[in-house]
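Scroll down for the structure; my scribbles are underneath it.
We did not get these values from a lab; they are worked out from the coordinates using the rules stated. No experiment lies behind these values; they were computed from the predicted model shown. Cβ placement follows ideal geometry from the backbone for every residue including glycine, while neighbour counts extend to all protein chains displayed.
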Amino acid sequence: MAKPIQNISAPMGVKVRERDSMDEVLLAKNLPTTMSTGSQVVGTTQLFEGSTMRCVPMPTADPKDPLNLPEWRKWASIVTLSLFGALALSAEAIVGALVPIFVLEYAGIDPKILGQIDLSSLSFSTPGGKPADPLQLLNSLGGPPISKVDLISTLPILVNGLASYILVPLSIAYGRRPVILFAGVMAWAGGLWAGFSTSLNSHIAARVFQGFGAGAVEALIPLILQDMLFIHQRNKAFSLVAAGQGIFIVAIGVTSPIIVVKLSWRYIYYITSAVGILAWIAMIFLVPETRWERSREELAGQEVSPIRPGEIRPRLDYAKHGYRTNKDDFGLFAVKTQWRLARKSVTETFKATFFPNVMWVIALNSIFVGALSATQQNAAAIILSLKLNFNQLGLVVLPIVVATPFVWFFGGFLADKISNWQAKRNGGQREPESHLISLAFPLMAGIAGPLLFGYAGEHTDQRPLAFLLGGFFLIGFGGLTMNTLVSVYLVESYPNYAGPVLVTMSSFRLIAGFLISFKSADMILSLGFLKTFGIYAAIMAVFSLMLPLVYKYGKRMRLWSAGKLDASQVEYDDNKSMKSIELTRTWTVDSGKM
């Protein structure tokens, strides 16, 4: 039996409980008096105490807690996940640019012929002398309808969205690691299947299979990142996934015309699948299990474990919790199966769909996804109609490459600076809505992009390559940066609903994005480029104008949808925070007595 410890001073009437080890003894002055009264809206956190940045969420003293991983291990995992995620995202851009190649393939024309003819000598005009619509030209080749060929690019978007409804609940039940590895297998296996496919239907089916595995990028990877990172680190990590795709687009997308002419379009699938296998192997060794159950108090950054004076997080307690083992680092099923939590997440996913700010994010994200997908599908057709050399078809993906460092800067580095600056101005309190300040410029860029792109498609006689590439850049930059920022915003707004809100956002935005874009070719054939993309820009503008309302009333929306965290539950007698420690007796000391 441990002896009472006399040399502790505490505020009058405060209960101090006897502990079984010195690490569990706290000086009363170190206890968080600012959190002992009052309450705060879920999502609002005290990020700064004076000039000191606090840990939000608050880690535990358990070495197995993913928040306690060494920094090098965290960032090795993040880079690996970004590699896998960027590969999946870049595949969408690359395959979308190859739609004209697939139109030729399934019309019975060898795409290699494009490397043997001089496109500049061909006539792309109607009998009346008016420049022909590039999609009309492709549609007249006698193959399957161009809208069906477009399914190679668009249908995986729909499957990506549906996959989140399955992958995230499974990751909550079995753990993140087995599910992300399973998704990785589907992604690279689907790519190999597409490369070996012998018909359009088989090609589409392979892309659906691949799209299901790539669906991990949309909700599961952000969920893993939030498991192991504090809120002030998340913007950089989330933006890294989007920005990282530039590496693959440079390496594969820009060289894809040469690969098509010299080898075959099938080699693009072979190459991306080979890189995917390497990324999958890296995930086996570098991405640990990160599923961890946290209380609402821990998610809010409240001190629910003993913290020594002058420190900002609990010291690791190896005596009580043990050390990390090989099973924790490399085990396939390292955590206990929790079907109860999985069922709960499904219910919460349905509930989160009707949160007002989530509905706004879904609507905004959906139109950006649809516009970007439509751009990727149709840009190559415009390039070919401009009578450029076929090898210049790789220019289609170049704007995304140029956009990626801007995505990281505006969606990661600068966004972190702005949100932390806003928190300091607010007495150290950080509101998730601070991320929306960084959203204004990407939204304006995204609205301008479709107008430039539509103008380029409508006026091919003016050879408007600068408008084409500029519009594509603005759509890509705006869409990718916006998705990064709103993902962080929602996870931070609803820390106890992280999985459900990510599933809701990613699934609905991709499903709606598919519905918006999969008939884009038919819309262009009917309305023309400028009207079609003008409609996209107008819808973007409508939802973007709601930004000030969400910024102003976002906290009220969170209060209505998630309620408050009653900080009075965290008292000096730490009923909840020390519930795992067996106590022997309580006693009271008066202030100033030794």
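Between Ser51 and Ile258, the simple spin-label model (points 7 angstrom out along Cα→Cβ) gives 5.3 nm.
Highest mean packing first, where packing is the average number of other Cβ atoms within 10 Å per residue, the peptides 204-215, 263-274 line up as 204-215, 263-274. Neighbour counts of other Cβ atoms within 10 Å put His203, His459 in the fewest-to-most order His459, His203. Placing a label point 7 Å from the Cα of Met546 along the Cα-to-Cβ direction, the residues of the stretch 426-458 with a backbone N closer than 17 Å are 433, 436-437, 439-440, 443-444, 447.
Relative protection proxy for 185-196, 154-165, 416-427, 527-538, from highest mean packing down: 154-165, 185-196, 527-538, 416-427 (other beta-carbon atoms within 10 angstrom).
Amide H contacts under 5 Å for Ser39: Ala567, restricted to partners 5 or more places along the chain or on a different chain, H placed in the peptide plane at 1.01 Å from N.
The modelled label-to-label distance for the pair Tyr323/Ala466, using points 7 Å beyond Cα in the direction of Cβ, is 6.4 nm. Nearest 0.05, what FRET efficiency do Val402 and Arg343 give at R0 = 56 Å with Cβ-Cβ as r? With R0 = 56 Å, the Cβ-Cβ based efficiency is 0.80. Note on Ser39 and Met359: the extension gain reaches 112.6 nm, defined as 0.36 nm multiplied by sequence separation minus the Cα-Cα distance. Approximating the spin labels as points 7 Å out from Cα along Cα→Cβ, the Arg425-to-Phe350 distance works out to 4.2 nm.
With all pairs of separate Cα atoms included, the stretch 187-234 yields a Kirkwood hydrodynamic radius of 12.2 Å. The fraction of all Cα pairs in the stretch 207-305 landing in successive 5 Å bins from 0 to the largest distance is 2, 9, 14, 20, 17, 12, 9, 6, 5, 3, 2, 1, 0, given as whole percents. Each peptide in 40-50, 468-478 gets a packing score, the mean of other Cβ atoms within 10 Å over its residues, and the list from highest to lowest is 468-478, 40-50.
Between Lys112 and Leu181, the C-beta separation translates, for a Förster distance of 45 Å, into a calculated FRET efficiency of about 0.75.
Phi-derived couplings, Karplus 6.51 cos²θ - 1.76 cosθ + 1.60 at θ = phi - 60°, listed residue by residue for the stretch 366-376: 4, 5, 5, 4, x, 5, 5, 5, 4, 5, 5 Hz, with x used for Gly and Pro.
Residues Asp461, Asp329, Asp227, arranged from fewest to most other Cβ atoms within 10 angstrom of their Cβ, appear as Asp461, Asp329, Asp227.
In this structure, the amide hydrogen of Met53, modeled 1.01 Å from its nitrogen in the peptide plane, lies closer than 5 angstrom to no residue at least 5 positions away or on a different chain.
Fewest-first ordering of Glu71, Glu348, Glu218 by other beta carbons within 10 Å of each residue's beta carbon gives Glu71, Glu348, Glu218. Taking amide H atoms as placed 1.01 Å from N in the peptide plane, the amide H of Lys564 lies under 5 Å from those of Val42, each 5 or more residues away in sequence or on another chain. FRET efficiency for the Lys336 to Asn201 pair, using the beta carbon distance and R₀ = 35 Å, is estimated at 0.25.
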